[in-house]
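Colleague: I have a structure I would like to understand better, so I am pasting it below and will then ask my questions one at a time.
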Amino acid sequence: MATDLGIAKGSCFAVFAYEVAQAIDLDSAERRLLAGAERQTIKHKRRAPAYFEYRPAPLRVAREAEEHVLGGYRASPGVELVLYDFGAVSVSYAIPLAGPLAGLPALAHELWGNERLLADARRHVERLLQDLGDAAVRPRIADFVEDYSIFQVEAFTASCDAAALWTEHAPTVAQILRSEPRALSQQEIADATGSRLSFGPDDATFIDTDAALVFDPEGDDVRAVLEFANTQLLEMRFLDQQLDTTLERAYETLLRRPERPWAGSYGAELRRVARLQLDAAVLFEQVTNALKLVGEQYLARVYGVASRRFHLGEWDASISRKLQTIDSIYAKLADRAASRRMEALEWIIIVLIAVELVVSLVPGLLR
């Protein structure tokens with residue numbers, strides 16, 4: 001039977017990612033927000049070359065917030081917002097952890113889809129957009145949000161080998177990751193704790209779809225990568241939804257006969273599809289290239305595990321396929337518009353020839 005394991009120092013970070021604008025001018029945002037704003041960087045607590053970094057660096061803003069009671073825990077009186085240049089904002093609440101590890105499944109369950117925190121996070125995002133002004137390009141808050149919980153344990157009350165977390169304490173760790181206070185089956189435990197990695201014998205990171213457990217006294221970089229991956233998932237969901245809407249409208253346009261067939265103009269539809277295609281392609285490139293993972297092997301592994309857990313590869317493939325489909329539809333619309341223009345020109349030429357014939361015949365008829 002597993003011995004009780006107590007947490008001496010740790011924090012839980014409840015993270016909520018929002019799509020808020022087409023883009024955010026981070027330099028302008030930093031000037032507008034001033035107090036409490038700083039650029040986020042990777043701290044490189046482990047060995048890493050200087051070229052592992054965000055491009056461009058997100059802007060981290062600390063703001064006052066009310067305390068939230070979450071079961072037997074209380075969130076710190078404050079909130080952090082991370083602004084990304086591709087138009088996303090990640091809101092995080094810090095909840096100090098102390099006491100038995102076995103108490104965390106109840107907290108994870110309390111955090112999952114917590115309506116109070118969701119509403120409070122959205123209010124902070126709305127106020128942030130007001131403060132940003134024109135630093136936010138084409139501002140709008142998407143209807144959906146991507147929430148995630150990161151349990152970061154710096155130290156236990158007793159010496160604990162990291163391997164004990166996926167052996168002796170695996171049932172408790174799985175309950176935390178699955179936000180489930182009830183006991184889980186061996187199959188579920190194995191699946192929940194299967195996506196794990198370690199840098200040394202005294203640290204471990206478990207990554208699941210809704211939560212992560214980081215046992216590491218220097219785990220801030222791991223948390224930053226997980227927070228980014230969660231934001232990336234949100235952006236891909238948003239982009240996928242936008243592309244679905246664009247595909248539907250473009251397909252309807254392709255099937256619809258123009259109201260004025262003699263005009264044969266698809267100009268407005270072509271411009272709209274081209275703009276949406278460009279916006280989607282630019283956002284896709286910004287999201288997928290915001291974090292440079294070349295050179296830092298451990299954090300690259302963390303991102304790789306998170307990417308697989310979040311199915312980012314499948315989202316990437318789906319978005320690429322839809323972008324190609326939209327490109328194909330755009331080409332068909334452009335060909336059809338060109339064909340109708342040629343038909344219109346041919347009719348104009350025919351009419352001009354007919355007019356010329358009539359004009360040449362009129363003097364003879366009048367004699």
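The values are calculated or read from the model by the stated rules, or taken from the named source; none is laboratory data. The structure displayed is predicted, hence computed values, not measured ones. Every residue, glycine as well, gets a Cβ built from its backbone with ideal geometry; the counts of neighbours run over all protein chains shown. These area figures cover heavy atoms from the full protein model, side chains too; ligands, DNA and RNA do not enter into them. Shrake-Rupley method; radii C 1.70, N 1.55, O 1.52, S 1.80 Å.
Colleague: Please pick out the residue among Leu278, Leu283, Leu293 that is outside any helix (DSSP H, G or I) and at pLDDT below 85.
Modeller: Leu293 is the lone residue from the list that is outside any helix (DSSP H, G or I) and at pLDDT below 85.
One line per residue, one yes/no per condition, for (1) of a type outside the set (Phe, Trp, Tyr); (2) over 30 Å from Thr245 (Cα atoms); (3) modelled with pLDDT of 80 or more:
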{"position": "Ile319", "(1), (2), (3)": "yes, no, yes"}
{"position": "Lys322", "(1), (2), (3)": "yes, no, yes"}
{"position": "Asp327", "(1), (2), (3)": "yes, no, no"}
{"position": "Ala331", "(1), (2), (3)": "yes, no, no"}
{"position": "Arg336", "(1), (2), (3)": "yes, no, no"}
{"position": "Arg340", "(1), (2), (3)": "yes, no, no"}
{"position": "Trp347", "(1), (2), (3)": "no, yes, yes"}
{"position": "Ile353", "(1), (2), (3)": "yes, yes, yes"}
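Colleague: So, Ala14, is that one at pLDDT 70 or above, closer than 21 Å to Ala136 by Cα, small (Gly, Ala, Ser) and open to solvent by less than 10 Å² (accessible area, probe 1.4 Å) or not? Don't jump to the end; show me each part of the working.
Modeller: Numbers: at pLDDT 70 or above: yes; closer than 21 Å to Ala136 by Cα: no; small (Gly, Ala, Ser): yes; open to solvent by less than 10 Å² (accessible area, probe 1.4 Å): yes.
It is false that Ala14 is at pLDDT 70 or above, closer than 21 Å to Ala136 by Cα, small (Gly, Ala, Ser) and open to solvent by less than 10 Å² (accessible area, probe 1.4 Å).
Colleague: Restricting to the stretch 56-79, give me the number of residues that are in a strand (DSSP E or B) and open to solvent by less than 70 Å² (accessible area, probe 1.4 Å).
Modeller: Residues that pass the stated criteria total 8.
Colleague: Here's a follow-up. Could you figure out which of (1) touching a residue at least 24 places away in the same chain (Cβ under 8 Å); (2) assigned to a helix (DSSP H, G or I); (3) crowded, with 20+ Cβ neighbours inside 10 Å isn't true of Ala174?
Modeller: Result: Ala174 fails condition (1) only.
Colleague: Out of the residues in the stretch 210-219 that are modelled with pLDDT of 90 or more and open to solvent by 10 Å² or more (accessible area, probe 1.4 Å), state the one that is farthest from Leu107 (Cα to Cα).
Modeller: Phe215
Colleague: For the stretch 318-353, name all the residues that are among the hydrophobic types (A, V, I, L, M, F, W, C) and open to solvent by less than 50 Å² (accessible area, probe 1.4 Å).
Modeller: Ile319, Leu323, Ile326, Ile329, Ala331, Leu333, Ala334, Ala337, Ala338, Ala344
Colleague: Output yes when any residue across the stretch 95-113 is part of a loop (DSSP other than H, G, I, E, B), of a type outside the set (A, V, I, L, M), more than 20 Å from the chain's Cα centre (by Cα) and surrounded by fewer than 21 Cβ atoms within 10 Å (Cβ to Cβ), and no when none is.
Modeller: Going residue by residue through the stretch 95-113, those that are part of a loop (DSSP other than H, G, I, E, B) are 112-113.
Checking the rest, the ones that are also of a type outside the set (A, V, I, L, M) come to 112-113.
Filter once more, so that each one left must be more than 20 Å from the chain's Cα centre (by Cα): none.
Within the stretch 95-113, not a single residue is part of a loop (DSSP other than H, G, I, E, B), of a type outside the set (A, V, I, L, M), more than 20 Å from the chain's Cα centre (by Cα) and surrounded by fewer than 21 Cβ atoms within 10 Å (Cβ to Cβ).
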